[in-house]
Amino acid sequence: MFHHVDARFCSNCGHAITRRIPPGDSRLRDCCDQCGAIHYVNPRPVVGTIPVWDDQVLLCLRAIEPRLGYWTLPAGFMEVGESTAQGARRETEEEACARIELGPLFTMIDVPGVEQLHIFFRARLLDLDFAAGAETQQVRLFSEADIPWEQIAFRTVATTLRLFFEDRARGRFGTHTSEITATLPRPRE
């Protein structure tokens, strides 16, 4: 399993840490025997939107790793002090410079292998005044038939897009939860 923190020293006092099950707990934790700190590693929420204009969805071409040069929905890590909705709106503004009306929760996908939870909201673009943000090479509207499926950056994004188009074709949208347990092999460059 991927561990997002690979610390060998306590961030509180700098002393070496020990990996053990602390009293009253049931999981291995990074513990400092010097100051008593227990360093918990928790999942990191990723929040984003499915911005829609008529029958098209707005996608961003990534300008950063991971998955540089692949298409994604505007999304990123939630910040401390913001709600999931605020984070999704902020990420859409930062990555696509897009103004949206935020809709309801659409997908919530657990990705325990990378200690993340991906949350996407439906959204309506308020206008066509969008542009590439600092982490984006290009922003473009795609109809369902034109989605570059082989160039989608993340499985959570591909899953969200497929569910969105399926629900739209049915004429009613639901809220979807799922889990991605295995990682995909990296495409050959």
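The values are calculated or read from the model by the stated rules, or taken from the named source; none is laboratory data. Keep in mind the model is a prediction, meaning the values are calculated, not measured. Here the Cβ is made from the backbone with ideal geometry for all residues, glycine too, and neighbour counts use every protein chain on show.
Search segment 116-162 for residues being of a type in the set (D, E, K, R) and under 17 Å from Ser178 (Cβ atoms), and hand back the single one that is surrounded by the most Cβ atoms within 10 Å (Cβ to Cβ). Before the answer, list the steps.
At the first step, the residues of segment 116-162 found to be of a type in the set (D, E, K, R) are 122, 124, 127, 129, 135, 140, 144, 146, 150, 155, 162.
Cutting the leftovers down to under 17 Å from Ser178 (Cβ atoms) gives us 122, 155, 162.
Details: Arg122: 22, Arg155: 15, Arg162: 15.
Only one residue fits best here, namely Arg122.
Evaluate segment 77-97: report whether one residue or more is more than 15 Å from Val157 (Cα to Cα) and touching a residue at least 60 places away in the same chain (Cβ under 8 Å). No, segment 77-97 contains no residue that is more than 15 Å from Val157 (Cα to Cα) and touching a residue at least 60 places away in the same chain (Cβ under 8 Å). Look at segment 125-137: where a residue is assigned by TED's automatic domain parsing to the domain that holds Gly76 and in contact (Cβ under 8 Å) with a residue 40 or more places away in the chain and a partner is polar (S, T, N, Q) and assigned to a strand (DSSP E or B), sitting 6+ places away or on another chain with Cβ atoms under 8 Å, you get Ala132/Gln138.
Among the residues of segment 122-129, not a single one is among the basic types (Lys, Arg), out of contact with any Pro (no Cβ under 6 Å at 6 or more places or on another chain) and outside any strand (DSSP E or B). Looking only at residues of segment 130-166 that are over 19 Å from Glu93 (Cβ atoms) and in a strand (DSSP E or B), we find that the one that is farthest from the chain's Cα centre (by Cα) is Ser143.
Scanning for something of a type in the set (Gly, Ala, Ser) and free of Cβ contacts under 8 Å to residues at least 60 places away in the same chain, does segment 139-149 turn up at least one residue?
The answer is yes, given that some residue of segment 139-149 is of a type in the set (Gly, Ala, Ser) and free of Cβ contacts under 8 Å to residues at least 60 places away in the same chain.
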